[in-house]
Amino acid sequence: MRKKIVAGNWKMNTDLNQAIDLAKGIVAAQSNSVAQLILCPPFPFIQAVSEVCKSSLIAVGAQNCNKNKNGAFTGEVSVQMLVSLGVNYVIVGHSERRTYFNETNQELAEKVVICLEQNITPIFCCGEQLSERNNNIHFNVVQTQIQEALFQLNAEEFSKIIIAYEPVWAIGTGVTATPAQAQEMHQFIRKVISENYGKAIADNISILYGGSCNASNAKELFALPDVDGGLIGGASLKVTDFISISASF
Ligand code: PGA
């Protein structure tokens, strides 16, 4: 059976004390969620959040990594550094990184490889802009993102990936994809994977939905046959909302 996952992407929010309080609140309130919960704080707070999560089932992820192993890349953070902090997941290719930091599918392909080399699970983000959906090219856009960034992997490597479908127009806007739109795209992504890697692998890949997913709509979205959980931005910054989302299966 596919793993259910709820990951919180805190983005560039919280200070150290707020990060610790948020993590502590989530650890204290977590029920027996069927999902793997993952907290992705900003880089400087990863160690503190890892410490809080250490004795719980909650995992820690990062929001980005550099594609190089180490070296003269001032200001950057390597996967090896993240491993040494107890990180098990890295969000790769979030639309904000694609938009504001010009990350390309080719560069993301390299990030995915270096994560897998270090036994880190990439949470690979894909999703179309509103104009692309309006022009009816959203399926092609998402297919290309997945093909260019992931299909260089062999089957064994690919089976370790988590995919997050995040329509860009739904991120931080309060406009959520309708259940029909989400299911249609998730099913399409699974079909694309199946055509390349076979049905068994496609059936086992967790595909998360992200984009204004909150405590009110998570249940409906997570009940969809091809939606295996969520990548949560704004609503992951409130303990009660995040816990309620994680219990929405
Ligand atoms: P949002 O962000 O839940 O605030 O829309 C989701 C994301 O960017 O991962």
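Which of the residues belonging to the stretch 16-71 are of a type in the set (Ser, Thr, Tyr) and part of a loop (DSSP other than H, G, I, E, B)?
First, the residues of the stretch 16-71 that are of a type in the set (Ser, Thr, Tyr): 31, 33, 50, 55-56.
Answer for the stretch 16-71, where residues must be of a type in the set (Ser, Thr, Tyr) and part of a loop (DSSP other than H, G, I, E, B): Ser31, Ser33, Ser55, Ser56.
Considering only residues that are farther than 27 Å from Thr14 by Cα, open to solvent by 20 Å² or more (accessible area, probe 1.4 Å), in contact (Cβ under 8 Å) with a residue 12 or more places away in the chain and not polar (S, T, N, Q), which ones fall in the stretch 193-218?
Tyr197, Gly198, Ile201, Asp203
Just one of (1) open to solvent by less than 30 Å² (accessible area, probe 1.4 Å); (2) within 16 Å of the ligand (Cβ to nearest atom); (3) part of a loop (DSSP other than H, G, I, E, B) trips up Leu221, so point out which.
(3)
Can you name the residue in the stretch 224-243 that is among the aliphatic types (A, V, I, L, M) and open to solvent by 10 Å² or more (accessible area, probe 1.4 Å) and, of all such residues, is nearest to the ligand (Cβ to nearest atom)?
First pass over the stretch 224-243, keeping only residues among the aliphatic types (A, V, I, L, M): 224, 227, 231-232, 235, 237, 239, 243.
Now narrow it down to the ones that are open to solvent by 10 Å² or more (accessible area, probe 1.4 Å): 224, 235, 237, 239, 243.
Values: Leu224: 17, Ala235: 6, Leu237: 9, Val239: 16, Ile243: 15 Å.
Top of the filtered list is Ala235.
Please indicate, with yes or no, whether at least one residue in the stretch 191-211 is touching a His at 6+ places or on another chain (Cβ under 6 Å), closer than 27 Å to Val87 by Cβ and within 13 Å of the ligand (Cβ to nearest atom). Outline the logic, then answer.
Quick first cut of the stretch 191-211, residues touching a His at 6+ places or on another chain (Cβ under 6 Å) only: 207.
Those still in the list that are closer than 27 Å to Val87 by Cβ too: 207.
Right, trim to within 13 Å of the ligand (Cβ to nearest atom) and you get none.
Looking through the stretch 191-211, none of the residues is touching a His at 6+ places or on another chain (Cβ under 6 Å), closer than 27 Å to Val87 by Cβ and within 13 Å of the ligand (Cβ to nearest atom).
Within the stretch 24-41, is there a residue that is within 16 Å of the ligand (Cβ to nearest atom), open to solvent by 20 Å² or more (accessible area, probe 1.4 Å) and under 18 Å from the mean Cα position of the chain (by Cα)?
no
The values are calculated or read from the model by the stated rules, or taken from the named source; none is laboratory data. Owing to the predicted nature of the structure, the values given are computational and were not obtained by experimental measurement. Reconstructed Cβ throughout: ideal geometry from the backbone, glycine too, with neighbour counts over all protein chains shown. We work out accessible area using only protein heavy atoms, side chains counted, and drop any ligands, DNA or RNA first. Shrake-Rupley method; radii C 1.70, N 1.55, O 1.52, S 1.80 Å.
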